[in-house]
Every structure is written in structure tokens, then in C-alpha cells.
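What follows is a short report on a single structure.
Since every read-out is calculated from the coordinates, none of them should be taken as a lab result. Because the structure is predicted, anything quoted here is derived from the model rather than measured. Every residue, glycine among them, receives a Cβ derived from its backbone with ideal geometry; neighbour counts consider all protein chains shown.
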Amino acid sequence: MNLNLSIFKNKSFLYYWISTWISSLGDSIFVIALTWLLVEETQSPSVVGTYLFILGASKILFVLVGGVIVDRIDPKKLLIQSNVLRAIIILALVVLFVNKEAIWIFYIIGAVFGMVDSIAEPAGISFRTRIVEKEYYTQSMGLLMTAGNVSAVIGPMIGAGLVAIGSTNFAIMVNAVTFLISALLLLLVKAAKPEEETESEPMWKSVKSGFHYFVTTPIITTMAVFAFFANAAVGATFVSIPFLADELNFGVEGFGLMNTAIGIGSVAGAVLFSVFTIKNPKPYMTLLTCFLQGIVIMLIGFTGNLWVIITLIALMGLHETAVNVIAPSVNHTIIPPRIFGRVISVMILVMSGSVPIAQAAAGWMMEWTAPQDVFIYGGLLEMGAALLTFSLPFVRNYGRESSFSAEQ
């Protein structure tokens with residue numbers, strides 16, 4: 001890792017970074033405002049669960065189409081349009097969702113929001129490489145994660161304050177304004193043109209070509225499968241944290257400190273990667289980071305000391321940020337830009353598919369075993385997956401020699 005601050009001379013990235021700060025802060029405000037709106041209007045916890053299900057399901061259903069759209073249309077335009085559309089959706093929520101009889105409108109808005117997210121997420125991932133050089137991939141990702149992580153910490157407090165001094169609708173309207181400001185800042189960003197134009201072909205053929213590249217590129221397939229198990233391990237441990245606090249009699253205070261530790265570790269990791277660069281990120285770096293994270297997760301299961309657990313959880317958050325910085329940067333160096341959107345959409349489906357399964361399995365396990373065991377098994381799973389993947393020569397040596405070049 002090398003100390004390098006020259007990325008801050010890139011005005012286009014700075015505009016994009018500030019735009020991300022503002023929209024991330026708005027998202028965090030919206031979480032608080034949305035929850036309180038539902039409490040005020042419906043008094044029904046099931047409404048929140050139904051909304052989240054519709055939001056997540058629509059995003060999953062359309063993510064493959066979203067990836068193809070990103071490959072066909074300038075991601076800058078997509079990001080601007082998605083921010084403007086989000087602002088309109090949020091304002092529509094304020095106007096239309098005025099009583100519990102209008103709940104169906106709220107669900108429709110959630111579905112539309114999920115579809116917009118299915119395009120905005122791959123567009124944002126793709127757009128970053130249009131405004132920074134390859135050597136700044138990890139550093140730019142670190143800066144963007146700093147924006148997201150810090151916003152996640154201070155956003156809820158700002159949201160609660162806006163509700164307190166104004167109203168729930170006022171807080172939601174502020175969220176809409178943040179999306180509009182974010183869109184305006186994106187207009188100032190100058191991005192490089194794609195090296196190749198995507199052929200005009202039917203949508204289904206574009207989706208098929210994304211799957212074909214995924215399954216015929218061993219390094220991409222293998223790392224996605226590895227991420228399936230690594231994400232399962234981390235997902236299981238996150239759902240086990242409140243039960244660990246209860247099992248060890250730490251109370252809600254201890255649970256709060258654990259969650260704060262995750263945030264502190266995540267922010268520390270994001271800041272670290274914001275000032276240091278990895279010029280040539282490689283797959284083995286992702287595996288090493290995950291292996292170390294597995295050790296940290298496993299150690300949590302062997303101690304009952306609150307402050308030791310808090311320290312380890314902070315380290316877990318730091319490693320999670322490191323993985324989320326290095327792994328996407330590795331993908332950018334491998335996947336051809338002209339098909340990046342559709343391939344990364346397939347990867348998102350594979351890599352994130354294990355999380356709900358693992359969380360359900362962890363809940364079932366804790367019916368007959370202690371929460372500490374979930375951390376031990378989760379750590380062993382992540383360590384084992386990293387070692388097994390690293391044992392494959394084409395993964396271990398990828399990028400170290402010219403003979404191990406990316407498949408085109």
C-alpha cells in the first residue's frame with residue numbers, strides 16, 4: 001500500500017464523491033423518516049416488513065436487466081435520471097401516502113424504488129472506473145465507502161432531528177432535495193467514453209452473454225462462488241450479535257456498543273483505503289483479507305469479555321470494508337468494460353444469494369446451540385473457503401505473471 005493523495009486533484013471524482021456523500025446522507029435520513037411515518041400512519045410493524053420484501057424482491061428481479069441497461073446507456077445519465085426519479089418518488093410518497101387506506105400506493109412506490117436501485121447500483125459501480133485511473137480503484141472505493149459509512153452513523157441522528165424540529169414529511173422532503181443536489185453535482189462530472197460500444201441486440205441475448213462470460217471465466221466464477229460462502233459466514237454472525245449480547249448478559253447497552261464497534265471499524269477501514277492505494281489489486285488479496293476476518297470472527301466465539309468482543313467486532317468491520325474495497329476493484333481489472341454491467345449483475349445474484357439462507361440457518365442453529373458457536377463455525381467457514389480457493393493455482397497466481405492475463 002502506498003500513501004497517495006493525488007486523487008483529490010481529480011475534480012470530476014471530487015464532484016462524484018460529494019454527490020455520493022449527499023445521497024448517502026439522504027438515504028440514512030430516509031430510513032428514520034420512513035420508519036416513523038409508518039408508525040404514525042399505520043401502527044403496523046408488518047407494513048415495514050412487507051415494504052422491505054417488495055423493495056428487495058423488485059431489485060433482485062430486475063438486477064439482470066439493470067446490468068444490461070448500464071452496458072447500453074451512459075452510466076452518468078442513468079445515475080442522474082435515477083436520482084431525479086428517486087426524488088420524484090419520495091415526493092409522491094409525501095403527497096399520496098396520507099392514510100393507511102393508501103398503503104397500496106406505498107407498496108407500488110417501494111417496487112419502483114427497487115427497480116430504480118437495480119439500475120443505479122451497477123451504474124454507480126461502472127461509472128467509477130470512467131473517472132479514475134486503474135491505480136486509484138481501491139482508493140476511490142475507500143473514499144466512497146467512507147461517505148457511506150459516515151453517513152450511516154450521522155444520518156439517523158440528523159433524520160431524528162429533522163423529524164423533531166419539523167415533521168416526518170419535512171424530513172422526507174429533505175431526502176428528496178438531497179437526491180436533486182446529488183443529480184446536479186453529477187452534471188459537473190467529466191467521464192471517459194467507453195472503449196467499445198455495445199452491439200444492438202435483444203435484451204435476452206445481452207443477459208445471456210453476461211451469464212456466458214461469467215461461467216466461462218474461471219477466475220470470476222470461482223471468486224463469486226467463494227464470496228457466496230464468505231458472505232454466508234459474515235451474514236450469519238451479524239444476525240447472531242444481539243443473541244450473543246443476551247447470552248453473555250451484556251444487555252442492550254452491550255448490544256449498542258457492539259453495533260457502534262462495527263461502525264467504527266468500518267469507518268476506520270474506509271479512511272485507511274482513502275489515503276492509501278493498492279495499484280494492482282489481485283484476487284489473492286481478497287482471499288487473504290477474508291481469511292484474517294475469519295480468524296477474528298472465530299475468536300469472538302472463544303471469549304466472554306465485552307471489551308475484547310467489541311475490539312474483535314471492530315476489526316471484523318474493518319476487514320469487511322477492506323473486502324468491499326479490494327474485491328470490486330479486482331473485478332474492474334478483469335471484466336471488459338463493454339459487458340461489465342451485465343456480468344456484475346450476475347455476480348451480485350450469486351454472491352448475495354447466501355445471506356438470507358445463512359441468516360435463517362443461524363437462527364435455526366441458535367435454537368439448540370449457543371450464539372458463540374455460530375461465530376466459531378462462521379469463522380471456520382470463511383477461513384476454509386479462503387484456503388480452498390487460494391489452493392487453486394489459477395487463482396493464487398492470477399495477475400502475478402503476464403501469462404495469467406484476464407480473459408477477454
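A few remarks follow.
- Protection proxy ranking of 84-91, 141-148, by the mean of other Cβ atoms within 10 Å over each peptide's residues and highest first, is 141-148, 84-91.
- Axial C-alpha extent at least 27 Å, average Kyte-Doolittle at least 0.5 - helices from the chain (DSSP): 11-41, 45-72, 75-96, 103-131, 137-165, 168-186, 218-247, 251-275, 306-334, 371-390
- Measuring against 30 Å, Cα to Cα, the residue pairs 205/279; 9/59; 77/208; 11/205 contain 205/279; 9/59; 11/205 as the ones spanning a longer distance.
- Fraction in percent of alpha-carbon pairs per bin - 10 Å, the stretch 206-396: 10, 34, 34, 17, 5, 0
- Long-range amide H partners of residue 335 with built H, under 5 Å: none
- Bridging of residue 282 to lysines at a Cα separation below 21 Å is possible for 134, once same-chain residues fewer than 8 apart are set aside.
- The chain: relative contact order as a whole-number percent, Cα under 8 Å and 6+ apart: 26
- Among 291, 273, 302, the largest mean-square fluctuation in a Gaussian network model of the chain, built with springs joining Cα atoms closer than 10 Å, belongs to 302.
- Column: log10 I(q)/I(0), Debye, Cα scatterers of the stretch 228-325, q = 0.11, 0.16 Å⁻¹: -0.33, -0.67
- Loop-located GluC sites (Glu not before Pro) in the stretch 57-136 (DSSP state not H, G, I, E or B) with no more than 15 neighbouring Cβ atoms inside 10 Å: 133.
- Estimated [θ] at 222 nm from DSSP helical runs (n ≥ 4, -39500 (n - 2.57)) normalised by residues in the chain, nearest 500: -27500 deg cm²/dmol
- All-pairs Cα distance distribution in the chain, expressed in whole percent, bin size 20 Å: 25, 60, 15, 0
- Dipole-positive endmost among 229, 283, 161 within the chain (Cβ charges, Cα centre): 283
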